[in-house]
Structure formats: structure tokens, C-alpha cells
Amino acid sequence: MHCRGKAWAAAALAGAIIVTSACGGEDEGAGRTNEGGAPDGQKKHTITMIDFRYGAFPPTGGKGLQMINEKFNVDFKPQYVVRSDYDQKLSAIVASGDIPDIIVMEGPDSNFYKWAKQGAFLPLNELLDKYPTMKLIPDNIRKAVTVNGKIYAIQKYLTENYQLTPVIRKDWLDRLGLAVPKNYDELKQVAIAFTKNDPDGNGKHDTYGLAMSANINPSYAMGAYWDLEAWYHQNADGQLIPGMISEARKQHIAWLADLYKEGAITKDFALLNWAQTNKEFYSGKAGIFIGTPRGMNPTYMQGLVDLSPNAQIVPIPPFQAPDGSQGFVSSPGFYGIVMLNAKLAKEPDKVAKIMEMIDYGRKFVPLEQRNAGNADFDWLNGKEGQGYTIENGNVRREVEEKGLAPINYLPDKTMWAPNDAANGYSKEYTVPLLRDLAASLEKMHGETKHLVNPINEVFSETRAAKDTELSRFLYTEQTKMIFGEKPLSDWDAMVKEWSDKGGAQIIKEVNESLKANGYAGPQWK
Amino acid sequence: MRHRTWGERCIDIANVLLLGFIALAMLAPFWYVAAVSFASYKEFLQRDIVWFPKEWVLSAYEYIFASESFVRSVGVTVLVTVIGTAVNLACTSTFAYTLSRPVIGQRVMLVLVLFTLLFSAGMIPTYLIVKETGLLNSIWALILPIAINPFNLIVMRQFFVGMPGELHEAAVMDGANELKVFWNIMLPLSKPSLAAFALFYAVMHWNNYFTGILYLNEPEKWPIQVILRQMIVVGEAQTALGSGHILLEHAPPAETVQMAAIIVATVPILVVYPFLQKHFAKGVMLGSVKG
């Protein structure tokens, strides 16, 4: 009898397997039958999407999702994947041929170009200018997602000029009677003084200058001239080259090596990850780090305020370069891209619906109107009192995990602002120190020029395939030079090896594309 | 007690020291994770390394258990582990027993199994199979594609082969059919090896995250490892932002919360070990030494 009971349990288990897998199959089939029907204006479209998230995910049936379905009369079925494994999952899905209607990616990587060339995405050339928020995407920025003359993606907004730039502990400067540095010599003196003269006044030798993590990051380039990412300098043949192999970078590495010898840079930086390096600065050990107006971490900053209530942080404005230029590099001007499935070409109504949804999420709302008074803002954020509240004039949104607001689900929720300052990022912070720092960074960026980085407008196949590996090589070599394990005289050999491994091909491809685009020398904005 | 020479004692002391040191090296990272999970964020920032929090706080755990998705994902993992291990044992033991008997095509079957041990189809073909069998977005996708581990299967087969043939003969003489022999004789005899494989399989299911990411589309169905990865990876992602045009929009959970998540995700499976340990040591060796 006892045995029979067990046997039944086993049979039930086997039955359960069959039933459940059959259910899975039905679900799938149901999704498919709704697609591809006759186009009909009144028909309720099922719209599928695949997107990624770094942090928490909105739930499957959240309030925000229902709001979208009601407003646009659709059945919106998004799925989200953790960013670190997104590329692999997306590859599997694209290979399976069952591509969702909307595909969101972080940027145009080599997969994007591959799939675009294979015809996986819908060309958007004629559509973009029909929608006000997409019309705003500047032509030079569109080039990054243009393949053979066809624009394949809607680019999400990113401030043009708000990059991460160096910031410094003003309270430490004041205690030591120093001013905010204006050139590399002064910055060196300050960094050494932070290391040796007890800037926090606790009588202990426990502080230093520059916080740094693996890959010489941040690199403390005080302008486009020294920036490793900027294609600003030229080689002997008149070709543009990446900052990473330029003469300016060589001098910069020598400068860092000097500081490292003085103990003014994080000692084991080559082994630290970004979180650990943040800790170096926000725990009050290092006095110089980087900051940006948008998206800084309030938890970190509150940690610093708790430890040293008198902390003050100010930006270090760009230095004047030997060639007279002065200013940081601008960003690619977009972050995140939204593509449509090429198969949608047969369903113009559905495309119109999707474009309407995307356009709606991108609508700009001026800072002073971000409250229940503005119907668009109120709806996008899930209505006051439900999706968000207003505290002391600041919008406090519910966490994404609750899925209470349509912006938690929409493919693009970033407002396309008319200019950087209109975003009012600094005013959204609740930690006063962070608010002040962000405001002074906004002011600094508003007052200085920025180099339009030509690399953002072109695509090089070799670069897409090899850049990661080649950069790692350069980082390793340059880290050794800072550590003093390798002499700086090895620089030319390093550049040569880089060129031979594929760097020369990258330079050639980039310069050819630039020529085709009509590039005519550095452009400052 | 036998008198021990000076040399022997020296070796003993050296052994204890060496093994103690190795054990400590294994334990230290885990202890650190536990200590940080109970420390306040301020203390974590302030001290270089936290071995013993000055002030024990539970805020990190409160944060985690307030998160619906985290608690739910623990439930999913427990479910997948229990059902998955049961399926694994059922499939592996029956198949292994069959292969240990002189059945037609046994050689061919064995070669096919060995083949999968050496070569695998890779991610995309496997995905296609899971998709076409309709398992996508169902927790069975985490269980059925890995229902049998070929290595475990072969070890278990060896175990059955090693059993005295007389046992089988005697049972048949008494009128038992193959199923009965398997169920009433062979399975009870192989409890130690079943326990060992149960542990292997359970740990595999518990730690599995990638199939969850690949095959499940709804966050509600994700196991704990996917959620854990998501929490830890946010911190990591920011390492890559050298250039700074990626936004730090989604603040990662504080390190103390990350550590607490690791503890919650690790301790349950760790607790299973002592219970199965005694079978484990015995079972692993079985089958390796044949009569």
C-alpha cells in the first residue's frame, strides 16, 4: 500500500509536467494569433517589447501597464531582462526569429549593425520627422544609428554636455589655504597637499588626492585635449587618432605616474572596482573625484555628509590646453535606442500606434510644470498620490518595482529637453550637498565649451569587434607605466603594437567614414 | 596510547596549522559578507574592513524582506529545487538502472549519453528546442532540459552495475518483474548514492540563474539567483562606465543590502549540507571501486 502511494505520486508528477508544458504552449500560440491580422484602425493591437533594466523590474500586471493599455487601446506585453545578460538573451531571441515588435538596446553595438544589415529592423527615415519629440534629434546624432542611409533606431535623450568631470573637496582646500587648481601643476600640488598635509584636520595621515579604480578610471582629463575617448589629435599622416594613444595622453600618464609615486592616487587602484573607488571618495579618504549633474547616487553622498558634515564639493573647470583649447568633451547625445521589428512594415496602423506611445513618453515638461497640473506629466508618473507625491516641491516617485506609473513600462520615458539646463536635474536631489554640487556643475557646463566628439558619428566594423580587447591592452600597459613597472619610453612600442593588432585599421575606417560625412576639423559647442 | 615521536608531533602541528589556515581562508570571505550585512552603511563607509560590526543592525534584512520580488523569488527557487531534484532523481535512476541491464541497444544508448557529456549544442540551439517544445516562460524550462546530468547518470550506472548479479537473480526467482526489482531492491540499496546525487542536483538547481534569465520572461517567475545577480550587477555595471555617458540613474542597493541578499540566497542550501554530508562522502566513492 505504501509503495502504491509513492507510485501514484510519481504518476501525478509526470502528469503535471505534461499539463504545465502544454499550458506554456498555448500561451505562446495565443500571442501569435493576435499578430498579423488584417490592418484595422479600431483593432486592439498586441504590442510586444523586449527591454533591459539595471535595477528593479516592474511587475507583469502593474497599474502603469493597465493605464497604457487603456489610454492607447492596446495590449502591451513588455518583458525585461537584467542588463548583464541581456545581450545573450537578445541574441537567442533574434536567432529564434520570433522578434518582439519593439526592441530596446543600450547603444548601437556590433549586434545592432549586424541585425540592421540583415534587415531585422524597420527603417524609420520617413517616420521620425512626423513626431515632434523625434524631430528634435539632431542630424549629427542620427548618424550613429544610420546604416546605408537608413535610420534604424529612435535614440533616447542624453544631455549633450553633462559628462562626468572632476570635482574636489572645497573644505579641504580652504583648510590648507589653497585655491581650486587651474592647471596640471596646481592640481599636482593640491593632490600632494591632500596626501601630506592632513586636509581633514584629524591629525592622522589618512587622506590622499585622486580616487581611482581599475582601467585608470577616472582618468582626470581636464579637457578634450587630454581625453582618452576624444578623437581630437592627429598623427603624422594627418589622420585623427583616439586620445588614448596621443602624445597628450603620454604626458598625462607621466603626470599620473609622478603623483602615484607621491602616494597621491589610490594605492591599489588597478584592483578596485567602481563601487570600491566611490567608497574611497565618499568615505572622506580621497579629496578629488568626479561628478555630473544627472544621476548621482544620493546614498553615497548622504554617507559622506554623515561622516563629515562640513564637506563641500566643487567642480574643477577645464584647464587651458597647450594648443589654446579649453573645454570638456560632449557626450554622444543619446543613450539607449529603440528599434521596431522589420515585419511591422505590413502593419502601418500598428507602427503608428507604437510611434505614438514612444512619442508620448518623450514629451518635455518644463521643471515648474512637473506636478498634477500638467496632465501629461501626471499621467506618465501614475497620478499624484499613487505613482508619485510632491514633497517640498520635489517629485518623489514610487519605486519601479511597484509598476504604478506608465513610465515604468514605456520603451522611452526620457523627456527630450530643448537644452541641457532645462532639465533642472540639480533641483531633483534631496541631499543638499548633492543639490549644490549638481547646480555648480550645471553652471560650469553652461559656461564652458565642449568638443563634439567625431567618433560618435561614425561606425567602424573593426572598432566594434576589437575595441574592447585593444583598449584593455592599452589600459594594462599604461597602468604599468603609472606603477613604474614599465618606463614611459615604451610608449611608442605600445602604440605600434596596438596599431598592428588592429588599431591602424580602426583609424583608417574611422577617418574614411569621417571624410564621407564631410568632417572638417574639430567643432566646439 | 602509543608514544609519539617528536617528528610525528611536528608533522601534526604543521598539519593543524596548515589546514586551519586553509579553513580560515575559506571562511573569511563568507564571514566578511555576513558581518557587512549586519553593519550600518555608515560604518561600512567609515571602516576599511568590517570583521565585527560595532553596532548590529538589521536594516539591510528589513529592506530585503520588504521587497516582494525577493521573497517570491526564494519561493520559486525552493519550488524549482524540490521538484527539479525529484525529477532529476527519477529520470537519472531509472535510466541508469536500465543501462545497467543487458537490454537491446544499451551500447548505443550509452554512447549517445557519453556524446552529450563531451559536446553540447550551445545556447541558441538549446533555446530553439525549449521554445519549440513550448516550455518558454514556464518553470519546467528550468527543470526538463537538465533533467539528467550525463556524468551523474554514468556514475549511477556504474553503481548499479557493481551490485551483485545474484541479487537480481534471487528477486526474479521469487517472481519479481524488472520494475519491482528496481523499486523494491535496487532503489533501497542505493539510498546513499541517491542522497549524494540529490545534493549535486539540488545545489545545481539552487545556483542556476542563466536558464532563468534566458527562458523566463516574467519577473514573477524568476528564481532568487536572477534577482541576486540583478542586485549585485548594478554595482558592477558602473565599473564599466569609464567614459561616463552611462547614467547612474538606478542607484545600486547599498553594499550592506547586497551582502544581506547574498546571505539569504546562500544559507538555505548551505543548511542542507550537514544533513546529507554523511551519505555524500559514502555515495561519491561508491561505484568508483568495483568488486
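The values are calculated or read from the model by the stated rules, or taken from the named source; none is laboratory data. Please read these numbers as outputs of a predicted model, since none were measured by experiment. Here the Cβ is made from the backbone with ideal geometry for all residues, glycine too, and neighbour counts use every protein chain on show.
Number of residues in segment A:412-439 that are out of contact with any His (no Cβ under 8 Å at 6 or more places or on another chain) and assigned to a loop (DSSP other than H, G, I, E, B) equals 12.
Given the condition part of a loop (DSSP other than H, G, I, E, B), surrounded by fewer than 20 Cβ atoms within 10 Å (Cβ to Cβ) and among the small types (G, A, S), answer yes or no: does some residue in segment A:152-168 qualify? Checked segment A:152-168: no residue is part of a loop (DSSP other than H, G, I, E, B), surrounded by fewer than 20 Cβ atoms within 10 Å (Cβ to Cβ) and among the small types (G, A, S).
Inspect all residues belonging to segment A:88-107 and state whether any of them is in contact with a Leu (Cβ under 8 Å, 6 or more places away or on another chain), within 9 Å of chain B (Cβ to nearest Cβ) and crowded, with 17+ Cβ neighbours inside 10 Å. Checked segment A:88-107: at least one residue is in contact with a Leu (Cβ under 8 Å, 6 or more places away or on another chain), within 9 Å of chain B (Cβ to nearest Cβ) and crowded, with 17+ Cβ neighbours inside 10 Å. Within segment A:241-262, is there a residue that is touching a residue at least 12 places away in the same chain (Cβ under 8 Å) and at positive phi? No.
Within segment B:57-64, is even one residue part of a helix (DSSP H, G or I), modelled with pLDDT under 85, out of contact with any Phe, Trp or Tyr (no Cβ under 8 Å at 6 or more places or on another chain) and not polar (S, T, N, Q)? Walk me through it before giving the result.
Residues of segment B:57-64 that are part of a helix (DSSP H, G or I), as a first pass: B:59-64.
Applying the additional criterion that residues be modelled with pLDDT under 85 yields B:63-64.
Within this subset, residues satisfying the condition of being out of contact with any Phe, Trp or Tyr (no Cβ under 8 Å at 6 or more places or on another chain) are B:63.
Now narrow it down to the ones that are not polar (S, T, N, Q): B:63.
So far as segment B:57-64 goes, yes, one or more of its residues are part of a helix (DSSP H, G or I), modelled with pLDDT under 85, out of contact with any Phe, Trp or Tyr (no Cβ under 8 Å at 6 or more places or on another chain) and not polar (S, T, N, Q).
Within segment A:265-280, residues that are more than 12 Å from every other protein chain (Cβ to nearest Cβ) sit with their Cβ atoms under 6 Å from residues that are part of a helix (DSSP H, G or I), at 6+ positions apart or across chains, in these pairs: A:I265/A:L259; A:T266/A:E280; A:A270/A:T479.
Rundown of residues vs (1) at pLDDT 90 or above; (2) under 30 Å from B:I224 (Cα atoms); (3) hydrophobic (A, V, I, L, M, F, W, C); (4) not assigned by TED's automatic domain parsing to the domain that holds A:F459, yes/no style:
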site: A:D40; (1), (2), (3), (4): no, no, no, yes
site: A:D51; (1), (2), (3), (4): yes, yes, no, yes
site: A:P59; (1), (2), (3), (4): no, yes, no, yes
site: A:Q66; (1), (2), (3), (4): yes, yes, no, yes
site: A:K77; (1), (2), (3), (4): yes, yes, no, yes
site: A:F112; (1), (2), (3), (4): yes, no, yes, yes
site: A:A116; (1), (2), (3), (4): yes, no, yes, yes
site: A:E126; (1), (2), (3), (4): yes, no, no, yes
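Residues in segment A:451-489 that are in a loop (DSSP other than H, G, I, E, B) and at pLDDT 90 or above: A:V452, A:N453, A:G484, A:E485, A:K486, A:P487.
Of all the residues in segment A:132-150, those that are in a helix (DSSP H, G or I), of a type in the set (D, E, K, R) and within 16 Å of A:A342 (Cα to Cα) number 0.
Conditions tested, residue by residue: (1) surrounded by fewer than 18 Cβ atoms within 10 Å (Cβ to Cβ); (2) hydroxyl-bearing (S, T, Y); (3) farther than 30 Å from A:P58 by Cα.
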site: B:R4; (1), (2), (3): yes, no, yes
site: B:V36; (1), (2), (3): no, no, no
site: B:A39; (1), (2), (3): no, no, no
site: B:P53; (1), (2), (3): no, no, yes
site: B:V80; (1), (2), (3): no, no, no
site: B:T85; (1), (2), (3): no, yes, yes
site: B:N88; (1), (2), (3): no, no, yes
site: B:T94; (1), (2), (3): yes, yes, yes
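Based on this model, can you work out whether A:I354 counts as under 26 Å from A:D51 (Cβ atoms) and at pLDDT 95 or above? It is true that A:I354 is under 26 Å from A:D51 (Cβ atoms) and at pLDDT 95 or above.
Can you spot a residue in segment B:215-226 that is in contact with a helix residue (DSSP H, G or I) (Cβ under 9 Å, 6 or more places away or on another chain) and more than 20 Å from B:V130 (Cα to Cα)?
Filtering segment B:215-226 down to residues in contact with a helix residue (DSSP H, G or I) (Cβ under 9 Å, 6 or more places away or on another chain) leaves B:215-216, B:219-226.
Okay, now just the ones that are also more than 20 Å from B:V130 (Cα to Cα), so B:224-225.
For segment B:215-226, residues in contact with a helix residue (DSSP H, G or I) (Cβ under 9 Å, 6 or more places away or on another chain) and more than 20 Å from B:V130 (Cα to Cα): present.
Residues of segment B:55-68 that are within 11 Å of chain A (Cβ to nearest Cβ), in contact with an Asp or Glu (Cβ under 8 Å, 6 or more places away or on another chain) and surrounded by fewer than 18 Cβ atoms within 10 Å (Cβ to Cβ): B:E68 alone. Would a scan of segment A:90-103 turn up a residue that is modelled with pLDDT of 95 or more and in contact with a Gly (Cβ under 9 Å, 6 or more places away or on another chain)? Among the residues of segment A:90-103, not one is modelled with pLDDT of 95 or more and in contact with a Gly (Cβ under 9 Å, 6 or more places away or on another chain), which makes the answer no.
Entry remark, segment A:465-489: residues being touching a Lys or Arg at 6+ places or on another chain (Cβ under 9 Å) and among the small types (G, A, S) number 1 in total. For A:P78, the test of being touching a Ser or Thr at 6+ places or on another chain (Cβ under 6 Å), farther than 24 Å from A:D467 by Cα, buried (at least 17 other Cβ atoms within 10 Å of the Cβ) and in contact (Cβ under 8 Å) with a residue 12 or more places away in the chain is failed. The set of residues in segment A:191-211 that are among the small types (G, A, S), part of a loop (DSSP other than H, G, I, E, B) and surrounded by 21 or more Cβ atoms within 10 Å (Cβ to Cβ) contains only A:A211. None of B:V226, B:V233 is facing chain A (nearest Cβ under 9 Å), at pLDDT 85 or above and assigned to a helix (DSSP H, G or I) except B:V226. Each residue in segment A:81-97 was checked for being in contact (Cβ under 8 Å) with a residue 24 or more places away in the chain and either among the aliphatic types (A, V, I, L, M) or not in a helix (DSSP H, G or I) (or both), and 5 pass.
Restricting attention to segment A:151-169, does a residue exist that is free of Cβ contacts under 8 Å to residues at least 60 places away in the same chain and either in contact with a Phe, Trp or Tyr (Cβ under 9 Å, 6 or more places away or on another chain) or among the aromatic types (F, W, Y) (or both)?
Keep residues of segment A:151-169 that are free of Cβ contacts under 8 Å to residues at least 60 places away in the same chain, which gives A:151.
Okay, now just the ones that are also either in contact with a Phe, Trp or Tyr (Cβ under 9 Å, 6 or more places away or on another chain) or among the aromatic types (F, W, Y) (or both), so none.
Looking for residues that are free of Cβ contacts under 8 Å to residues at least 60 places away in the same chain and either in contact with a Phe, Trp or Tyr (Cβ under 9 Å, 6 or more places away or on another chain) or among the aromatic types (F, W, Y) (or both), one finds none in segment A:151-169, hence no.
Being under 18 Å from A:P406 (Cα atoms) and either free of Cβ contacts under 8 Å to residues at least 12 places away in the same chain or not acidic (D, E) (or both) is a property that A:F112 lacks.
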